[in-house]
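Visitor: Submitted below is the structure of interest, expressed as structure tokens.
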Amino acid sequence: MELSDYKPAPVVKLDSLSDVNDIGKPWRYEDGDYTVTRTCPWSPPGCHPVGCGLKLYVNEDGRLEHVEGDENHPVTQGRLCPRCITLKDYVYSPARILTPMKRDRSERGNADAWEECSWDEAFAIIKENYERIVAEYGPETIIGMSGTGREGGTMSLYPTMVFGTPNYCYMQSGYACYTPRLAAAAYITGSTYSEWDYAGALPDRWDDERYTLTEVLVMWGKAPLESNPDGFFGHAVVDAMRRGTRLIQIDPRVNWLSARADIFIQLRAGTDTALAMAMLDIIIKEDLYDHEFVEYWCYGFEQLAERVATMPAEKAAEICQVPVEKIYAAARMYAKAKPAAIMWGLAVDQKTDGMQNSQCIIALQAITGNFDRPGGQLVPGADAGHNELGFGYKECIPDELFQKMIGMDQYPAYCNMILNSQCDLMLEALETEKPYPIRMGFYMASNPLSNTSMEPKRWHDALCKSLEFCIGIDLFMNASIQATCDIFLPIATTAEREGTVFTHYAPCTVTAGFMHKAVDCGGLPSDMELAYRLGKYLHPERFSKWANEHELVEAFRLGVENGGKTFDEVSKCVVAQVPIEYYKYEKGLLRQDGQVGFATPTGRVELWSTAYNQFGEDPLPYYIEPEFSPVSKPELVDEYPLILTTGARVTAFFHSENRQIPYTRELNPDPLLEINPKTAQEKGIADGQWVRVWNMFGEALMKAKVTDAVDEKTVHGQHGWWFPEQDGSEPNLYGTFRSQINNLCPNGHMGKLGFGAPNKCLICNVEPVSESYDTDMNLIWEKFGKLV
Amino acid sequence: MTAYGLLIDYEFCTGCQSCEVACKEIHNIPVGQWGIRVLDDGPWECSDGKFNWNKIPTPTRLCDLCVERTDKGQQPFCVHHCLAGVMQWGTVEDLAKELEEKPNQVLFVPKPYQY
Ligand code: SF4
Ligand code: SF4
Ligand code: SF4
């Protein structure tokens, strides 16, 4: 982006906004007794980088008194979800920790054994242990454990520059979240995830002359209203629907959008790839594809046609257990609409053949000519991204060390592409000390025992046993830190920090937002600042080129060293739209060499994938039956008659967060298991009754929500549950293992490239229990309701 | 006296609950009490195979229509934050006209009643 691009995005007013409003206000202004700071928040609290416009009202004493949505934001227009509306309660929560703490290793798991200490002392303890462990075992025995949605999880500089380890590890089996989709897109098209074009980057938004309204939007295994996935403002879907966009919804679970879709395909969980192949087959056989795009810009069309012919609609209908007419209707409706787009969600990643599912969806987008068409799929250009993924590797991780990354031998496609150790093999390394022991850890915005990791008890035992030293970095105590850490470092909320927020984690960015600091809660650092301070303390030579943390943000996020801009030059616009181009493949804007076409070996969208082939994967898509399903495991149907799907989001929580905020907890006080009325009746389960749900991997206690949102063969379990109001000490650990649906989800069932996990397509059984574990909201209110 | 109300387009209300939380924040309402509640009808399947699912945000007897804000010319706090942008505040007279223009809306005219 040029300096001139960092200008306040033009405001498009919502009809419901009154004439008295704050449109046109600068980044900071006075309003009565308040100083108002406009900001685009991005963590903590966690959220994908949407950066919904916020106005923070601070009184004369420097206290945040009022939070309101900022109507100057071109996409969110003043609207907020419950988590930012309650930001004040998060900032001043009595459960927040504002001082570093230490605890003797022998006291791990004892919530009462923490002692407050100074930052200097905490850093000194870290240095002593860090240097000892590096000297004794080597830097590769350090693991940086990351989660999702908070900035800290995206900061490769934590493992590389601060601790010098190649083992940056996202803690979910098979990295089954977004990254498999990014990787598939990168292998096949040369650019990463192509987002639906919702006019977010256009000055006049939906009415912009360059835009064409999407005629048909396919929502594939995605519930964006609740999840705001990867920086996409979910309710933009509703904005489009109100203008006339029609929906096709593909999901085993009914959500609000399914009830508003022209076609809703309620397929059997995990069978999406069969459906996608059949849709391709129909579109090709009925000659509904874009001949010109296929001829000029695709590679391997004939081979793809031949392959998908092995999955006629009739066969897919049987596999997916849906009426065959619906498959025909959906394929035709999608292919005939111009423009049309597919939003492909987390469900695509959470199955063993997720990479094939992605491959098919990308092929659908390509052969219908919807790539880089206004209102179609926006393709990230050659200039996308901010050099963040690789940050710090070159200087701090010599090749020999880099090659020691866990999983490098078995899953080079995974390790080299995303610069992460392969998660499932990391668990094995922790358990077996092979190929080498893992001795030190630190949390990068992750709570694996309550949320990120599958079979969390296994992780718990492995981490407790292997790690000689572990650092917790967070705002609140949680089960993972309580069980495994020796040091706690507190960090700032989004209201207390500066920083950047690029939607969609940089590729397909439509808005560039900036965080401005409005309040101070004791000089706490953001993750970025902490990395700078701690990194400088441990490795002064690596950080000496930056005078302060501010300059690190500029290097890491704004690419100042490669011609980017400084924070002060650009941040006062608060939010700018990122200039976009359509049809980049015709203009030489996708490839680093400036040639036309796509950034793949053939210069085309590779329907027959050179990269997959090179990594030993089938170059063409194929369907595999979920490993744990009534079809693949008929012998287990009596024992586990139900299909288990997990992980649908709600607006109240960001994964395991916000449970200690009374107003959000009240929206969803208990961990819910959705079960169909007929199934519930058969099993003698009443609505609101507690149930035991179990399978061969583990069990959980949840509260039944009897609903038609799932069909008779399926149940859905909420994820991310722990109970901050409960006893934090071992063995209870805030009840994290009691209602933990991840107990039922295995590790080690990824696809050939190391990606994917079956978290949305497993099997289980359910029975009622007589006890009740209902949350007492009065207790939550007493404990957490009084702000400090 | 002019009557004011909230017009809600329930065809597009997604049940996000921002209105509920916004109302509690601005009025400091303790847990267990609400100024507006999103009632939930669905999902249930109709004979044609389509699902019915409507969310109906219903002001309670604690809703004062954010008179402090509207007196200053601002809109109610729930209206400001509604994620789907389906809430409108105005005079009953104006809002009633809008009711005629688009189906699947509901008009509430709340007033904290005392018994
Ligand atoms: S989606 Fe919600 S939590 Fe995320 S930035 Fe927007 S309002 Fe805040
Ligand atoms: S108008 Fe005000 S008082 Fe009434 S429901 Fe909305 S926020 Fe609450
Ligand atoms: S905020 Fe708007 S969309 Fe959300 S539940 Fe309330 S009325 Fe419905």
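Each value in this text was obtained by applying a stated rule to the coordinates, not by laboratory testing. Note that this is a predicted model, so its numbers are computed, not measured. Please note: Cβ atoms are built from the backbone with ideal geometry, for glycine as well, and neighbour counts cover all protein chains shown.
Visitor: May I ask you to derive the FRET efficiency for A:Asp638 and A:Lys713 from their Cβ-Cβ distance with R0 = 22 Å, giving the value to the nearest 0.05?
Guide: Values: r = 14 Å, r/R0 = 0.64.
E between A:Asp638 and A:Lys713, to the nearest 0.05, is 0.95.
Visitor: What does the highest-first list of A:608-620, A:230-242 look like by mean Cβ count within 10 Å? Walk me through the numbers before you get to the answer.
Guide: Numbers: A:608-620: 18.5, A:230-242: 23.0.
Order by mean packing, descending: A:230-242, A:608-620.
Visitor: For A:Arg181, A:Arg243, A:Arg307, which order do you get if you count the other beta carbons within 10 Å of each Cβ and list the fewest first? Walk me through the intermediate numbers first.
Guide: Numbers: A:Arg181 25, A:Arg243 11, A:Arg307 22.
Sorted ascending by nearby Cβ count, the order is A:Arg243, A:Arg307, A:Arg181.
Visitor: Can you flag which of A:Lys285/A:Lys336; A:Lys338/A:Lys584; A:Lys88/A:Lys760; A:Lys545/A:Lys565; A:Lys394/A:Lys565; A:Lys285/A:Lys315 are past 25 Å Cα-Cα? Can you show the working numbers first?
Guide: Values: A:Lys285/A:Lys336 14 Å; A:Lys338/A:Lys584 18 Å; A:Lys88/A:Lys760 34 Å; A:Lys545/A:Lys565 17 Å; A:Lys394/A:Lys565 23 Å; A:Lys285/A:Lys315 15 Å.
A:Lys88/A:Lys760, as the Cα separations exceed 25 Å there.
Visitor: Enter the mean number of other protein chain beta carbons within 10 Å of the beta carbon of each residue in A:82-88, as an integer. Each step should come with its number before you reach the end.
Guide: Working: counts 11, 2, 3, 14, 4, 1, 1.
Across the residues of A:82-88, the mean count of other-chain Cβ atoms within 10 Å is 5.
Visitor: Could you check which residue among B:Gly15, B:Gly35, B:Gly85 shows the biggest mean-square fluctuation in a GNM of chain B with a 10 Å Cα cutoff?
Guide: Per the Cα network of chain B with a 10 Å cutoff, B:Gly85 tops the list.
Visitor: Between helix B:92-101 and chain B, what is the angle of the helix's C-alpha long axis to the longest principal axis, kept within 0 to 90° and rounded to the nearest 10?
Guide: Once rounded, the angle reads 20 degrees.
Visitor: Another one. I'd like the orientation of helix B:18-27 relative to chain B: the angle between its Cα long axis and the longest Cα principal axis, in ° from 0 to 90, rounded to 10.
Guide: 20
Visitor: To continue, here is another question. Seen from all sides and averaged, what is the projected area of the convex hull of the Cα atoms in the stretch A:27-80, in nm²? Write down the numbers at each step before the final one.
Guide: Values: hull surface 15.2 nm².
For the Cα atoms of the stretch A:27-80, the hull's average projected area reads 3.8 nm².
Visitor: Then there's this: How many partner chain Cβ atoms sit within 10 Å of a residue's Cβ in peptide B:70-83, on average, as a whole number? Write out the running numbers ahead of the final one.
Guide: Values: counts 2, 0, 2, 4, 7, 8, 2, 3, 1, 5, 13, 11, 7, 14.
Averaged over the peptide's residues, the number is 6.
Visitor: What is the ratio of the Cα radius of gyration of the stretch A:545-653 to 2.2 N^0.38 Å, with N the residue count, to two decimals?
Guide: Working: Rg = 24.2 Å, N = 109, 2.2 N^0.38 = 13.1 Å.
After normalising by residue count via 2.2 N^0.38 Å, the value is 1.85.
Visitor: Sorted by mean Cβ packing within 10 Å, highest first, what order do the peptides B:60-73, A:488-501 take?
Guide: On the way: B:60-73: 15.2, A:488-501: 24.6.
Order by mean packing, descending: A:488-501, B:60-73.
Visitor: Then there's this: Among DSSP beta bridges whose residues both lie in chain A, state the antiparallel percentage, nearest 5.
Guide: Numbers: 43 of 82 bridges.
Close to 50 percent.
Visitor: If every alpha-carbon in the stretch A:584-626 counts as one equal scatterer, what log10 I(q)/I(0) does Debye give at q = 0.30 1/Å?
Guide: -0.94
Visitor: In addition: For the stretch A:96-239, what Kirkwood radius comes out of the mean inverse Cα-Cα distance, in Å?
Guide: Numbers: mean 1/r = 0.0505 Å⁻¹.
By the Kirkwood definition, the hydrodynamic radius is 19.8 Å.
Visitor: Further question on the same structure: Under 27 Å Cα to Cα from B:Lys97, which lysines show up? Leave out anything in the same chain fewer than 8 places away.
Guide: A:Lys13, B:Lys55, B:Lys72, B:Lys111
Visitor: Another question, if that's okay. Can you give the relative contact order of chain A as a percent, counting alpha carbon pairs under 8 Å and 6+ residues apart?
Guide: Values: 1848 pairs, mean separation 160.8, N = 788.
Answer for chain A is 20 percent.
Visitor: Okay, moving on. Using a Debye calculation, one point per C-alpha and no hydration shell, please list log10 I(q)/I(0) for the stretch A:634-784 at q = 0.09, 0.19 Å⁻¹ in order.
Guide: These q points yield log10 I(q)/I(0) values of -0.29, -1.20.
Visitor: With a point put 7 Å past each Cα toward its Cβ, work out how far A:Tyr583 is from B:Thr91 in nm, to one decimal.
Guide: 5.1
Visitor: Any idea what the alpha-carbon Rg over 2.2 N^0.38 Å comes to for the stretch B:4-115? List each step's numbers first, then the result.
Guide: On the way: Rg = 14.6 Å, N = 112, 2.2 N^0.38 = 13.2 Å.
Expressed relative to 2.2 N^0.38 Å, the Cα Rg reads 1.10.
Visitor: Distances over 51 Å make up what percent of all Cα-Cα pairs in chain A?
Guide: Value for chain A (Cα pairs over 51 Å): 9 percent.
Visitor: What does the structure give for B:84-95 when I average, per residue, the other chain Cβ atoms found within 10 Å of the residue Cβ? Kindly include the intermediate steps, with their values, before the conclusion.
Guide: On the way: counts 10, 11, 4, 1, 4, 2, 2, 0, 0, 0, 0, 0.
That works out to 3 on average.
Visitor: Continuing with this model, one more query. In nm², what is the average projected area of the convex hull enclosing the Cα atoms of the stretch A:662-714? Numbers along the way, then the final one.
Guide: Numbers: hull surface 17.1 nm².
Hull-based average projected area comes out at 4.3 nm².
Visitor: If you don't mind, there's one more thing I want to ask. Quick check: the distance between the Cα centres of the stretch B:62-115 and the stretch A:275-335, to the nearest angstrom?
Guide: 48
Visitor: With 18 Å as the cut-off, how large is the P(r) tail for the stretch A:1-101, expressed as percent of Cα-Cα pairs?
Guide: Values: 2702 of 5050 pairs.
Result for the distance tail: 54 percent.
Visitor: Fewest Cβ neighbours within 10 Å first, please rank A:Cys169, B:Cys23, A:Cys521 accordingly.
Guide: On the way: A:Cys169 29, B:Cys23 26, A:Cys521 19.
So the ranking, lowest neighbour count to highest, is A:Cys521, B:Cys23, A:Cys169.
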